[in-house]
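So the structure is just underneath, and the comments pick up after that.
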Amino acid sequence: MKTTRLILIPERATDPAPYRLFDSAGALLERGEITLETARPRPDVRDVALVPGSDVLVRWVEPVQGNAPQRRAAALWRLRDELAAPTDRLVAALGPVQEDGQLIAVAAASLVEAWGDYFEALHLAPVSVVPNSLVLPRPEEPQAVLTAVAAGGVVLRGRALAAVVQPDLVETVTPGLARTPAEDLFEATLSNLALNPPLDLRGQARQAREPMKRWSLAAGLAAALVLSPMIVDLAHVLAFKSKTAEARREVRSAAALVWSDVGQASDAELARRVGAARAPGDLAAAAAALSAAIERVPGAELDAFGAEPGEGLNAVVTYPAFQDLDQLKSELATAGFDADDLSTVEDEGRIVSDLRLERRS
């Protein structure tokens, strides 16, 4: 059996991805990090990707008979009141039947596709993609909850509970339960998960009907802009070092979303603008906040984006329903930005809003 490499996918695509290499018995052979710049194919290892579980819904439902698509459909139907998007925009993966029922994990199809693009950039071909909310074991005591800090926030593992939340939400999610820090147990359990992944989050992703938002990645560089919550620093994304013509074209395409005349700009001029993007107005952080907000609202898309240093950021965003604007504003507020709705209209069945972003005082 090949050695198994467990890659701990970070929240930000530009951050290094830690990994653990285990032998067939689960013994730790190596620790390290993979970056977009240093990634190389490793055909000698079996890869498993551990992704942040903060945007993955994990539940246990009553098992039903049938083939895999039928069981997925039945499980999604049981979860219909908890899902914030139509099922054709979601990916559902089934795990084993356990003490609490049939394990199911659900994520946005666009997010799963974005992870796939990231894996390609790192030369990974994981046999399974697992949320880190499933690393810790199920506690024996009914009122017990194990906790560990990991990518995405704090992992919570209880009876019929597996989630990753922000630290300030731990008490809200687990009121009255006995929480026990389990950082060492989290690390110790990684080998078992790597050798025996409970599910593959990609599920039926290739059958999803909605066109997917993709990362534009070239020569080990994340060159896309406001297409994924993992791309969080505009200036870093545009400050490219690659010498390949393909990478330069990708970066210029991303920059053109901000500066329409960048196609005629020299490398030196582009570098100057990138430096200015860190000036007042905090455009990098605003772009990151907008990216995350759009990704978290199913069906939301960016139609136009404009910014000049010191002048703030304007965006035209489309989404399926009027109430989605409230979620967009809420997500932006959480990231520290107010969104001023300059105009909102309905156009061919979709809602179109012209927004101006400003950092909250």
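Every number in this text was worked out from the coordinates using simple rules, so none of it is lab data. The model shown is predicted, which means the values in this text are computed figures rather than measured ones. Note that each Cβ is placed from the backbone with ideal geometry, even for glycine, and that neighbours are counted across all protein chains shown.
Given the C-alpha centroids of region 99-153 and region 337-361, what is the distance between them in whole angstrom?
Between the Cα centres of region 99-153 and region 337-361 lies a distance of 33 Å.
Take every Cα pair under 8 Å in region 3-207 that's 6+ residues apart, average their separations, divide by the length, and report that relative contact order as a whole percent.
Averaging sequence separation for qualifying contacts and normalising by length gives 24 percent for region 3-207.
What distance in nm lies between label points placed 7 Å from Cα along the C-beta direction at Glu120 and Glu358?
Roughly 4.1 nm, to one decimal.
For the pair Arg78 and Asn192, how long in nm is the line joining their label points, each one 7 Å along Cα→Cβ?
A separation of 2.3 nm, rounded to one decimal place.
Give the shape of region 3-207 as rounded, prolate or oblate, defined through the alpha-carbon gyration tensor: a ≥ b ≥ c are the square roots of its eigenvalues, a/c under 1.5 means rounded, and otherwise the shape is prolate if a/b is larger than b/c and oblate if not.
oblate
Going by average Cβ density within 10 Å per residue, which order do the peptides 25-34, 53-62 take, highest to lowest?
53-62, 25-34
How high is the relative contact order of region 26-148, given as a whole-number percent (alpha carbon pairs under 8 Å, six or more residues apart)?
Relative contact order of region 26-148: 37 percent.
What is the fewest-to-most order of Asp81, Asp117, Asp303 by other Cβ atoms lying within 10 Å of their Cβ?
Asp81, Asp303, Asp117
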